[in-house]
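First comes the structure, then the notes that go with it.
The values are calculated or read from the model by the stated rules, or taken from the named source; none is laboratory data. Since this is a predicted model, take the numbers as computed values, not measurements. Note: ideal-geometry Cβ built from the backbone for every residue, glycine included; neighbour counts use all protein chains shown.
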Amino acid sequence: MGSVFLPHLKTGWHVDQAILSEDDRIVVIRFGRDTDRQCMLMDEFLYNISTKISQFAVVYLCDIDQVPDFNEMYELYDPMTIMFFYRNKHMMCDFGTGNNNKLNFLVGDKQELLDIIETIYRGAIKGKGLVVSPKDYSYTSKRNFN
């Protein structure tokens with residue numbers, strides 16, 4: 001049900017404006033499909049932590065079928081992808097998976113996701129473009145929730 005309550009970005013212009021409009025908070029965008037199981041689970045985590053992170057992050061959802069503008073540019077080929085931006089700059093996070101550009105797997109619970117977003121925010125305000133995740137996700141067997 002998280003996708004019902006979180007704001008959706010309906011066009012490429014809306015995505016750009018969301019990224020450009022925030023000066024002091026991390027912009028968290030979940031790219032994917034609302035009907036996808038991974039997206040539904042992640043949306044639930046995002047919704048559950050949205051009030052806790054509201055001082056330093058804002059969450060948006062973007063359907064990659066309705067807004068295909070960024071699919072190629074951000075390589076949005078996974079069922080669910082979360083990207084982070086701060087002051088119009090793409091924030092990267094080393095999860096130990098080899099892909100530092102985005103989070104494209106389910107985390108264990110909402111506290112893990114909250115910790116990741118907080119770590120990215122702390123790095124962003126220090127001027128870092130790449131931060132290290134508080135947890136190493138290099139083992140694929142722990143990430144497979146299917």
(request) Spot the failing condition for Lys52; the list is (1) modelled with pLDDT of 95 or more; (2) surrounded by 15 or more Cβ atoms within 10 Å (Cβ to Cβ), and only one is missed. (result) (2)
(request) Determine if the range 130-140 includes at least one residue that is modelled with pLDDT of 95 or more, outside any loop (DSSP other than H, G, I, E, B), within 11 Å of the chain's Cα centre (by Cα) and among the β-branched types (Val, Ile, Thr). (result) no
(request) Could you look through the range 1-48, keep only residues that are touching a helix residue (DSSP H, G or I) at 6+ places or on another chain (Cβ under 7 Å) and among the polar types (S, T, N, Q), and pick out the one that is nearest to Gln111 (Cα to Cα)? (result) Asn48
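Give the range 60-69 a look and list any residue that's touching a residue at least 24 places away in the same chain (Cβ under 8 Å) and more than 14 Å from the chain's Cα centre (by Cα), or say none. I'd like the intermediate steps shown before the answer.
Step one: filter the range 60-69 for residues touching a residue at least 24 places away in the same chain (Cβ under 8 Å), giving 60-67, 69.
Hits for the range 60-69 are Asp65, Gln66, Val67, Asp69.
Within the range 23-40, can one find any residue that is over 20 Å from Phe5 (Cβ atoms) and surrounded by fewer than 15 Cβ atoms within 10 Å (Cβ to Cβ)? Give the steps one after another, and end with the answer.
Our first condition is that a residue be over 20 Å from Phe5 (Cβ atoms); within the range 23-40, this holds for 23-24.
Retained after the next criterion (residues that are surrounded by fewer than 15 Cβ atoms within 10 Å (Cβ to Cβ)): 23-24.
So far as the range 23-40 goes, yes, one or more of its residues are over 20 Å from Phe5 (Cβ atoms) and surrounded by fewer than 15 Cβ atoms within 10 Å (Cβ to Cβ).
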(request) Determine whether Asn48 is among the polar types (S, T, N, Q), in contact (Cβ under 8 Å) with a residue 60 or more places away in the chain and at positive phi. (result) no
(message) Cβ contacts < 8 Å: first residue closer than 21 Å to Met40 by Cα, restricted to the range 95-118; second residue of a type in the set (S, T, N, Q) and assigned to a loop (DSSP other than H, G, I, E, B), any location; separation 6+ or different chain. Result?
(response) Phe105/Thr97; Ile116/Ser133
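Take the residues in the range 80-125 that are in a helix (DSSP H, G or I) and either modelled with pLDDT under 95 or in contact with a helix residue (DSSP H, G or I) (Cβ under 9 Å, 6 or more places away or on another chain) (or both); name whichever of them is surrounded by the fewest Cβ atoms within 10 Å (Cβ to Cβ).
Residues of the range 80-125 in a helix (DSSP H, G or I): 110-125.
Restricting the remaining residues to those that are either modelled with pLDDT under 95 or in contact with a helix residue (DSSP H, G or I) (Cβ under 9 Å, 6 or more places away or on another chain) (or both) gives 110-114, 117.
Values: Lys110: 16, Gln111: 13, Glu112: 16, Leu113: 21, Leu114: 18, Ile117: 24.
Among them, the one singled out is Gln111.
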(message) Name the single residue that is surrounded by the fewest Cβ atoms within 10 Å (Cβ to Cβ) among those in the range 9-22 being within 26 Å of Thr119 (Cβ to Cβ) and touching a residue at least 12 places away in the same chain (Cβ under 8 Å).
(response) Leu20
(request) Could you please give the count of residues in the range 1-55 that are of a type in the set (Ser, Thr, Tyr), over 13 Å from the mean Cα position of the chain (by Cα) and part of a helix (DSSP H, G or I)? (result) 2
(message) Checking Tyr77 against (1) in a loop (DSSP other than H, G, I, E, B); (2) of a type in the set (Phe, Trp, Tyr); (3) surrounded by 13 or more Cβ atoms within 10 Å (Cβ to Cβ): exactly one of these is not met. Which one?
(response) (3)
(request) From Ile26, Ile117, Ile19, Ile64, grab the single residue that is in contact with a strand residue (DSSP E or B) (Cβ under 6 Å, 6 or more places away or on another chain) and over 27 Å from Val132 (Cβ atoms). (result) Ile64
